[in-house]
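**Student:** Below is a structure I'd like to ask you about.
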Amino acid sequence: MPELERAHEYNFDLAVIGGGSGGLACAKEAAKLGAKVVVFDFVHPTPQKTTWGLGGTCLNVGCIPKKLMHTASLYGELIEDAKQYGWDCSKVGHSWSNMVGNIQSHIKAQNWKIRVDLREKNVTYYNEYATFVDTHTVKSVNKRGNERTVTADKFVLAMGGRPNYPDVPGAQDYAITSDDIFSLKYHPGKTLCVGASYISLECAGFLHGLGIDTTVLVRSILLRGFDRDCADKIGSYMEASGIKFIRPGTPSRIECVKEATETTAPELRVFFTVDGEEKSDTFNTVLFAIGRAPLTDKINPDAIGLKYDPNLKVPVDEAEKTNVDNVYAIGDLLNAPELTPLAIQSGRLLAKRLYGNSTILTDYVNVPTTVFTPLEYGSVGLSEDQAVAKYGEENIEVYHTKHTPTEQVVRESSPLDGHNFAKLICNKADNERIVGLHYLGPNAGEITGGFSVGLIMGATKSDFDRLVGIHPTSSEVFTTLKITKRSGLSIEEEDC
Amino acid sequence: PLMLIAAEIGLGSSGINAEYGLRAVKEYQDSSLHLFALFTGTPDENGKSWCPDCVRADPVIEEAIQNAPECSCLITAYVGDRVTWKDRNNNFRKSDLQLTSVPTLIKVGTEKRLEEGQCSNRTLVEMLFEED
C-alpha cells in the first residue's frame, strides 16, 4: 500500500489511544488507506488485580464473555426443556472453572490474533499508557515504567470507560465488577449484584441460570432509559425465576468475614439501607454494576485544552471532532449508545474521511440493541416515553401483544409464562411510521437486527402488516399486531 | 541457554501424547522456561520436506529464535509425510493441539500460534518469540 504523502514531520499520521472496538477499527482502516498509525492500549488492573490483553472492553470484559456466559445459562434452561422432548438428562451439572477456562482461552486467542492482525497491517502497537504533552505529542509508559515520547499529526481518543465503585467502605477492598466476573478463578458463590443497569441484570441473570444464589440490590427503577413496559416485564420474569430483588435499597458498607483464597470466594457481610432501616446479609461475591465512567481525565486532557462534560463524556461534532482541531473521539467516550458496532462503524468512517475521500458520517439514530437478560430484550428506535415526549401522546399509536414461542409449548405452566412480548410504536401524524420496535423473547438480537432495516428505511405499520410472517417463529409476531394500547383490549394470548 | 530439540514424533506416535509431552517438558524444566513447538512436515530420506511453507519458514525461525529470551526451548515435531498428514485421522489433527495446517509454531501453554505463511513472516515470528 503506497504511503500517503506526508505534509508533516511527526512520527505518525495517526495515533489512536485505546485498542478496543472503535480504536482498532479506526487504526486498521487508516492503515489500509496508507496512513502511518500507532495504537496505544494499556489496562490498569482492577482493585482485585484483574487485567487483560489487547481488544478493549467488548472482547475482554464485555459483550463477548457476557454473551458466552448468557449462552451457558440458557443451555441450563434448554436442558430442562430437553427432558420434555424425550432426552434423558439425569446427570447434568455445571463447572464454573471449565466455563471460565474455555471462555478465557477464546479471549486470549483473540488477543493474540489482534496483535498478529495489527502487525500484518503495519499498525504499530504499544502496550503503554499514553497521556498528552501537547496537541501533537503524547508520553507513554509501559508496565515496567519505561517511557517514550511519540508525536502524531492527528489523534483519535478511544479509551472507553471502566466500571464505577461507590463511595462505600469495603467496596474497593472486597467487591468486584464486570471487569472481574468473567475471569473469576473461584466459583462466585452466593452473589449480590448491585445496580439496575443492563450490566447488573445480565450478570444476575446468567449467574442465576448457572445455579447460583443471586440477589439484586436496586435503588429505584430497572433499566433507566429503556421502554418501561419491557423493563418491568424483565424484572417480573427475573423475580419469577427465583432471583431475589431488594428494592429500593442502597449498600452502606461491606465487611470481610473470611478472606478469599486462590480457589474460594470470600465471605462478606453486606450492610444495606432499606426504608431507612439498616439490614445485612452474607454473600460470597458482591458485584457492583452502578455505572461506568469514561477515561477522559486519565489522558491529561488539560494539556491540550480538551473540553469534556462533568460526567467525563467528550462532546464532538457530527464528524467526531472534539474542540481540539486535530483530536477526535469515538466509542464509549461519546454521548451516544455505548455499543461495539457503533464504535466500529464510527471508527471506520472517520478513518475514511481523514485518509480517504469519504464524506459519509455515522448515523447515530435507530441503532438497534439487545439486553441479554434471561428474558432477552431487543429494541430499535424510541421507547414509548421517548416517543410520547417527541411526538405528543395523541400522535403515538402503540401496537402490542404477548406471544409464546412454539419451542416452549412443552413447558409446564409456571410464573414465567406470559412475559414474551412485542411492541411497535407508530407516529400517526406520519403515516403510522414505526418510531420504535421492542421485543421480549428468545433470539431477541437476531430478530431485532433483521427488522431494524425496516426502521432505517422508514417502514410504516402497513409495511409490517403487508409482510407475511414465517411460521412457527417468534419473529412473525410483528406481522400480525392488531391490538392497540389505546383500545384497552386484553393482550392475553389466544391459540393460533 | 537456548536448547533446540528435534523430536522425531512421527509415524507410530500419538499427537495426543505430543501435547502432554510438551506440557511435561515444560513442568519438568524450570517453570520460567519459554517452550515453543514447531510442527512441520517430515522430510524424506534425502532430507527434503514435502511442505513448501515449512521450507520457507525454517530459515526465518532459525534466525528469529536467536533473539528469543533466555531459557527458551524449541521442540520440532514431525507430523509425517504428505500422505500421513493429509489423512484426517492423523494424530496431530485429532489431538488437543487442534492442528489444521503445517507449519504451525506455538508457544506452549499460551494461545500464541502462527500458521502456514505466517511462519515465514519475520516480524510475526519475532513477536511470537518475544517475552511479554
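**Student:** At a Cα cut-off below 19 Å, give the aspartates and glutamates reachable from A:Lys139, other chains included and same-chain residues fewer than 8 away excluded.
**Tutor:** Answer for A:Lys139, where 19 Å is the Cα cut-off: A:Glu9, A:Asp13, A:Asp41, A:Glu128, A:Glu147, A:Asp153, A:Asp297, A:Asp302, listed by chain and number.
**Student:** Cα to Cα, under 18 Å, and not fewer than 8 places away if on the same chain: which lysines meet these conditions relative to A:Lys307?
**Tutor:** Reachable lysines: A:Lys154, A:Lys298, A:Lys321.
**Student:** Where the only charges are on Cβ atoms (+1 Lys, Arg; -1 Asp, Glu), what is the dipole of region A:227-373 about its Cα centre, to the nearest 20 debye?
**Tutor:** Numbers: 16 positive and 22 negative charges, 66 e Å.
So the magnitude is around 320 debye.
**Student:** While we're on this one: First measure r as the distance between the Cβ atoms of A:Val409 and A:Asn122, then evaluate 1/(1 + (r/R0)^6) with R0 = 56 Å and state the FRET efficiency to the nearest 0.05.
**Tutor:** My answer for the efficiency is 0.50.
**Student:** What lysines does B:Lys94 reach when the alpha-carbon gap must be under 20 Å and sequence neighbours fewer than 8 apart in one chain are set aside?
**Tutor:** Those lysines meeting the cut-off are B:Lys86, B:Lys107, B:Lys112.
**Student:** With a Cα-only, solvent-free Debye model of region A:366-428, what are the log10 I(q)/I(0) values at q = 0.12, 0.16, 0.19, 0.23 Å⁻¹?
**Tutor:** Once normalised to I(0) and log-transformed, intensities are -0.42, -0.67, -0.84, -1.02.
**Student:** For chain A, what does -39500 (n - 2.57) per DSSP helix run (n ≥ 4), summed and divided by total residues, give at 222 nm, in deg cm²/dmol to the nearest 500?
**Tutor:** Working: 12 runs with 141 residues, N = 496.
After summing the helix terms and dividing by residue count, I get -9000 deg cm²/dmol.
**Student:** Give me the distance in nm between label points sitting 7 Å out from Cα along the Cα-to-Cβ direction at A:Asn323 and B:Ser95, one decimal.
**Tutor:** For the pair A:Asn323/B:Ser95, the computed spacing is 6.1 nm.
**Student:** Taking Cα pairs under 8 Å and at least six residues apart, what relative contact order does region A:296-357 come out at, in percent? Mind showing how you got there, number by number?
**Tutor:** Details: 60 pairs, mean separation 13.7, N = 62.
Once divided by the residue count of region A:296-357, the mean separation gives 22 percent.
**Student:** Rank A:Thr373, A:Cys426, A:Ile396 by how far each Cα sits towards the positive end of the charge dipole of region A:347-432 (+1 on Lys, Arg Cβ; -1 on Asp, Glu Cβ) and give me just the farthest.
**Tutor:** Of the listed residues, the answer is A:Thr373.
**Student:** Taking a temperature of 25 °C and a viscosity of 0.890 mPa s, what whole-number D in µm²/s does Stokes-Einstein yield for region A:285-344 with Rh from Kirkwood over alpha carbon pairs?
**Tutor:** On the way: Rh = 12.6 Å.
Using the Kirkwood radius from Cα pairs, D works out to 194 µm²/s.
**Student:** If the only charges are +1 at each Lys and Arg Cβ and -1 at each Asp and Glu Cβ, what is the size of the charge dipole of region A:1-132 around the Cα centre, to the nearest 20 debye? Let's see the in-between values first.
**Tutor:** Numbers: 14 positive and 13 negative charges, 54 e Å.
For this selection, approximately 260 debye.
**Student:** Moving to a separate point now. Can you give the charge dipole size of chain A about its Cα centre, rounded to the nearest 20 debye, using +1 on the beta carbon of Lys and Arg and -1 on the beta carbon of Asp and Glu? Intermediate results must be reported in sequence, preceding the final value.
**Tutor:** On the way: 51 positive and 63 negative charges, 259 e Å.
The calculated dipole for chain A is roughly 1240 debye.
**Student:** Considering all projection directions equally, how large on average is the shadow of the alpha-carbon convex hull of region A:209-276, in square nanometres?
**Tutor:** Values: hull surface 25.3 nm².
Dividing the Cα hull surface by four gives the mean projection, 6.3 nm².
**Student:** Got the relative contact order for chain A handy, in percent, Cα pairs under 8 Å and 6 or more residues apart? Kindly include the intermediate steps, with their values, before the conclusion.
**Tutor:** On the way: 1029 pairs, mean separation 75.3, N = 496.
Here the relative contact order equals 15 percent.
**Student:** Starting from the Cα of A:Val274, step 7 Å along the direction of its Cβ; do the same at A:Asn102; then give the gap between the two resulting points in nm.
**Tutor:** 3.7
**Student:** Kindly flag which residue pairs out of A:Lys28/A:Lys67; A:Lys190/A:Lys258; A:Lys66/A:Lys143 have an alpha-carbon separation exceeding 22 Å in this structure.
**Tutor:** Values: A:Lys28/A:Lys67 25 Å; A:Lys190/A:Lys258 14 Å; A:Lys66/A:Lys143 28 Å.
Going by Cα-Cα distance, A:Lys28/A:Lys67; A:Lys66/A:Lys143 fall outside the 22 Å limit.
**Student:** How long are the semi-axes of the ellipsoid equivalent to region A:119-186, from square roots of 5 times the Cα gyration tensor eigenvalues, in whole Å, largest first? Walk me through the intermediate numbers first.
**Tutor:** Working: eigenvalues 203, 54, 33 Å².
The answer is 32, 16, 13 Å, longest axis first.
**Student:** Would you mind giving the average projected area, over all directions, of the Cα convex hull of chain A in nm² with one decimal? It would help to have the intermediate numbers written out before the result.
**Tutor:** Numbers: hull surface 105.9 nm².
Across all orientations, chain A yields a mean hull projection of 26.5 nm².
**Student:** With the radius of gyration and the Kirkwood radius both derived from the Cα set of region A:244-292, what is their ratio Rg to Rh? Can you show the working numbers first?
**Tutor:** Working: Rg = 12.1 Å, Rh = 11.9 Å.
A ratio of 1.02.
**Student:** Under a 5 Å amide H to amide H cut-off, with H placed in plane at 1.01 Å, what residues pair with A:Cys193 once short-range neighbours are removed?
**Tutor:** The answer is A:Thr215, A:Val216, A:Leu217, A:Leu287.
**Student:** Here is a follow-up. State whether region A:403-496 is rounded, prolate or oblate according to the following rule on the C-alpha gyration tensor (a ≥ b ≥ c being the square roots of its eigenvalues): a/c under 1.5 gives rounded; otherwise a/b larger than b/c gives prolate, and the remaining case gives oblate.
**Tutor:** prolate
**Student:** When only C-alpha pairs under 8 Å and at least 6 residues apart count, what is the relative contact order of region A:225-336, in percent?
**Tutor:** Details: 127 pairs, mean separation 15.1, N = 112.
Relative CO of region A:225-336 lands at 13 percent.
**Student:** If I stretch the segment between A:Ser95 and A:Lys244 completely, what's the gain in nm (0.36 nm per residue apart, minus their alpha carbon distance), one decimal? Before the final figure, lay out each step's value.
**Tutor:** Numbers: separation 149, 0.36 × 149 = 53.64 nm, distance 2.29 nm.
Stretched out fully, the A:Ser95 to A:Lys244 stretch lengthens by 51.4 nm.
**Student:** Tell me which of A:Ala459, A:Leu481, A:Gln345 sits at the most positive position along the dipole axis of region A:337-496, charges placed on C-beta atoms (Lys, Arg +1; Asp, Glu -1).
**Tutor:** Going by the Cα projections, it comes out as A:Gln345.
**Student:** Projected onto the charge dipole of region A:1-130 (+1 at Lys/Arg Cβ, -1 at Asp/Glu Cβ, origin at the Cα centre), which of A:Ala27, A:Thr46, A:Ile17 gives the Cα projection farthest towards the positive end?
**Tutor:** A:Thr46
**Student:** Let me ask something else about it. Suppose R0 equals 51 Å; then what is the FRET efficiency for A:Glu9 and A:Asp309 from their Cβ-Cβ distance, rounded to the nearest 0.05? Mind dumping the intermediate values first?
**Tutor:** Numbers: r = 34 Å, r/R0 = 0.67.
Calculated value: 0.90.
**Student:** Specify whether the C-alpha gyration tensor of region A:173-289 places it in the rounded, prolate or oblate class, a ≥ b ≥ c being the square roots of the eigenvalues: rounded for a/c under 1.5, otherwise prolate if a/b is larger than b/c and oblate if not. Mind showing how you got there, number by number?
**Tutor:** On the way: a/c = 2.01, a/b = 1.36, b/c = 1.48.
Since a/c reaches 1.5 but b/c is at least a/b, the shape of region A:173-289 is classed as oblate.
**Student:** Please compute the modelled spin-label separation between B:Glu126 and A:Ala293, points set 7 Å along Cα→Cβ, answer in nm with one decimal.
**Tutor:** 4.0
**Student:** Can you give the Rg to Rh ratio of region B:28-132, both from alpha-carbon atoms, with Rh computed by the Kirkwood formula?
**Tutor:** 0.97
**Student:** Could you work out Rg/(2.2 N^0.38 Å) for region A:1-132, with Rg from alpha carbons only?
**Tutor:** Details: Rg = 20.6 Å, N = 132, 2.2 N^0.38 = 14.1 Å.
Here the Cα radius of gyration is 1.46 times the empirical estimate.
All of the numbers you see were taken from the coordinates with simple rules; none came from a lab. Owing to the predicted nature of the structure, the values given are computational and were not obtained by experimental measurement. For neighbour counting, all protein chains shown are included, and Cβ atoms are generated from backbone atoms with ideal geometry for every residue, glycine included.
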